[in-house]
Amino acid sequence: EEKRQIVAEHEFEAGTLPFEELKKILPPKEPRFVLYDYNYTTENEKKQKHSKIILVSWSPDEAPMKEKMIYASSKDAVKKKLQAIKIEVQANDLGDLDEADIEAKLKKI
């Protein structure tokens, strides 16, 4: 029954947790969903600041297969409930969480 609920494990004020710090709190052997309010600045002459919600689907290779399957099957339900999500990032290791790639995706929106 506990596997059917999504529970907030950590909560931070928007803009207070640097992305590099987020990577440090991800468990190395357990999947997680992360909603992150990502702040970035455009590269045009106006240098406008933006904030977009991203969904990180963290599913490390070392996680048990059953856990990974539960998270994968729940992802669509999470996305439907949280319509403010602008992009989704699938991460199986910390190398998949590259800020330059995330910013490039956000700037295309």
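The values are calculated or read from the model by the stated rules, or taken from the named source; none is laboratory data. Remember, predicted model here, so these are calculated numbers, not experimental data. Methodologically, a virtual Cβ is constructed for each residue, glycine included, from the backbone with ideal geometry; neighbour enumeration extends over all protein chains shown. To get the accessible areas, we keep the full protein, side chains included, count just its heavy atoms, and leave off ligands, DNA and RNA. Shrake-Rupley method; radii C 1.70, N 1.55, O 1.52, S 1.80 Å.
Overall, the accessible surface of the chain at a probe of 1.4 angstrom is composed of carbon and sulfur to the extent of 49 percent.
Need the full-extension length gain, residue 67 to residue 107, defined as separation in residues times 0.36 nm minus the C-alpha distance. One decimal, nm.
Working: separation 40, 0.36 × 40 = 14.40 nm, distance 3.26 nm.
Taking 0.36 nm per residue and subtracting the Cα distance, the gain is 11.1 nm.
May I ask you to give the solvent-accessible area per residue for region 38-108, in square angstrom, as obtained with a 1.4 angstrom probe? Working shown, then result.
Values: 4670 Å² over 71 residues.
Spelled out: the 1.4 Å probe surface of region 38-108, per residue, equals 66 Å².
Computed on the chain, with alpha-carbon pairs under 8 angstrom and 6+ residues apart, the relative contact order is 25 percent. The packing ranking, built from the mean of other Cβ atoms within 10 Å per residue, places the peptides 80-86, 97-103, 20-26, 56-62 in the order 56-62, 97-103, 20-26, 80-86, highest first. Among the listed pairs 46/79; 47/75; 46/108; 80/107; 52/81; 49/86, a Cα-Cα separation exceeding 26 Å is found for 46/79; 47/75. Note on residue 76 and residue 98: their simple-model spin labels are 3.0 nm apart, each label 7 Å out from Cα toward Cβ. Quick one: grab the alpha carbon gyration tensor of region 38-108, order the square roots of its eigenvalues as a ≥ b ≥ c, and give me rounded if a/c is under 1.5, else prolate or oblate depending on whether a/b is larger than b/c. Here region 38-108 falls in the oblate category. Modelled spin-label separation between residue 5 and residue 85, with each label point placed 7 Å from Cα along the Cα-to-Cβ direction: 2.1 nm. Projecting the Cα atoms of 33, 60, 82 onto the charge dipole of the chain (Cβ charges, centred on the Cα centre) puts 82 farthest toward the positive pole.
Within straight-line reach of residue 68, meaning a Cα separation under 16 Å, sit the following aspartates and glutamates at least 8 residues removed in sequence or on another chain: 2, 30, 76, 93.
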